[in-house]
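Working notes for the structure below.
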Amino acid sequence: MWAAPLPAGPARRPRRHPGPARFDFERLAPRPGEDLVAAGGDLSPATLLSAYAHGLFPMGLGGGGRGPLGWWSPDPRGVLVPGRVHVSRSLRRALRSFEVRVDTAFDEVVAGCADPARPGAWITPEVAAAYGELHRLGWAHSVEVLLDGELAGGLYGVSLGGLFAAESKFHRVRDASKAAVVALADLLLADGVPGRLVDVQWRTEHLATLGVEEVGRRAYQRLLGAALELPVPPVFAARPDRPHSYDGG
């Protein structure tokens, strides 16, 4: 079942601005078809937020995501338009078994995504700490999927305007990560504001089953620019001091 939402109230704190970025993304000129745009910089909150606003995200160039730090802008880009999320009949049945919450276990979700036993693991302790700080500042968020009170899967990412830059997801129970994606799409649609966007970086066959599409870099930049002008979804507008649950209907 889906948990009922907690009301917004005075316990909610506004986001805190992280200050100026330490890396100049304005000067970068990505080449068509090349995913890696630059190397260097840092993982400070201001640098990360500036990167996402310019259509980039970080990932280490070394084994297991270790340094040096790379900045990526895939061409083509994987995106999910929330209103086009695809929910199969089997997934819809599975959703009835799960409880979905928001920002109740951010660090645990990041740890699940960073499990070194997962193929292609790239989330280093430095990356986990950087996004933990973004979460404490109110910019990074997690969607958690529980089964019988235990964390079964989830995802985390960064919320900027109408953009949700999804960084990673994981599951310990079948369909739990898919449930997190469906819940995220519902959250972005909840207040009826059109045009919000989920960036998933690269389209995979797994993500394609949920409705993820590919767009060229120029098209992504247009979608990104429009999304950044939109209001942040209410559930992500400020980080709650107490657990905030979500009713998926």
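Here are a few things to note about the model shown:
- Qualifying positions in the range 31-55 - in contact with a Lys or Arg (Cβ under 8 Å, 6 or more places away or on another chain), farther than 17 Å from residue 134 by Cα and open to solvent by less than 30 Å² (accessible area, probe 1.4 Å): 55
- From 58, 74, residue being in contact (Cβ under 8 Å) with a residue 40 or more places away in the chain, outside any loop (DSSP other than H, G, I, E, B), open to solvent by less than 30 Å² (accessible area, probe 1.4 Å) and not hydroxyl-bearing (Ser, Thr, Tyr): 58
- Residues of the range 40-55 that are under 16 Å from residue 77 (Cβ atoms) and in a helix (DSSP H, G or I): 51, 52, 53.
- Inter-residue pairs, beta-carbon under 9 Å, first at negative phi and free of Cβ contacts under 8 Å to residues at least 12 places away in the same chain and in the range 206-227, second open to solvent by 30 Å² or more (accessible area, probe 1.4 Å) and assigned to a helix (DSSP H, G or I), 6+ apart: 206/178
- When restricted to residues that are open to solvent by 40 Å² or more (accessible area, probe 1.4 Å) and in contact (Cβ under 8 Å) with a residue 60 or more places away in the chain, the range 61-71 contains 1.
- Annotation note: Cβ proximity below 6 Å between a residue of the range 115-144 that is closer than 20 Å to residue 65 by Cα and a residue that is among the aromatic types (Phe, Trp, Tyr) (sequence gap 6+ or interchain) occurs for 140/131.
- Matching residues in the range 192-225 - criterion: being touching a helix residue (DSSP H, G or I) at 6+ places or on another chain (Cβ under 9 Å) and more than 20 Å from residue 155 (Cβ to Cβ): 194, 195, 215
- Of all residues in the range 214-229, exactly one satisfies the criterion of being open to solvent by less than 60 Å² (accessible area, probe 1.4 Å) and among the charged types (D, E, K, R), namely 217.
- Residue match in the range 77-85 (condition: closer than 22 Å to residue 211 by Cα, within 18 Å of the chain's Cα centre (by Cα) and in a loop (DSSP other than H, G, I, E, B)): yes
- Among the residues listed as 211, 161, 192, 216, the single one being under 15 Å from the mean Cα position of the chain (by Cα) and not acidic (Asp, Glu): 161
The values are calculated or read from the model by the stated rules, or taken from the named source; none is laboratory data. Remember, predicted model here, so these are calculated numbers, not experimental data. When we count neighbours, we look across all protein chains shown, and the Cβ atoms used for this are built from the backbone with ideal geometry, even at glycine. The protein model used for the area step is the full one, side chains on, heavy atoms only, and it has no ligands, DNA or RNA in it. Shrake-Rupley method; radii C 1.70, N 1.55, O 1.52, S 1.80 Å.
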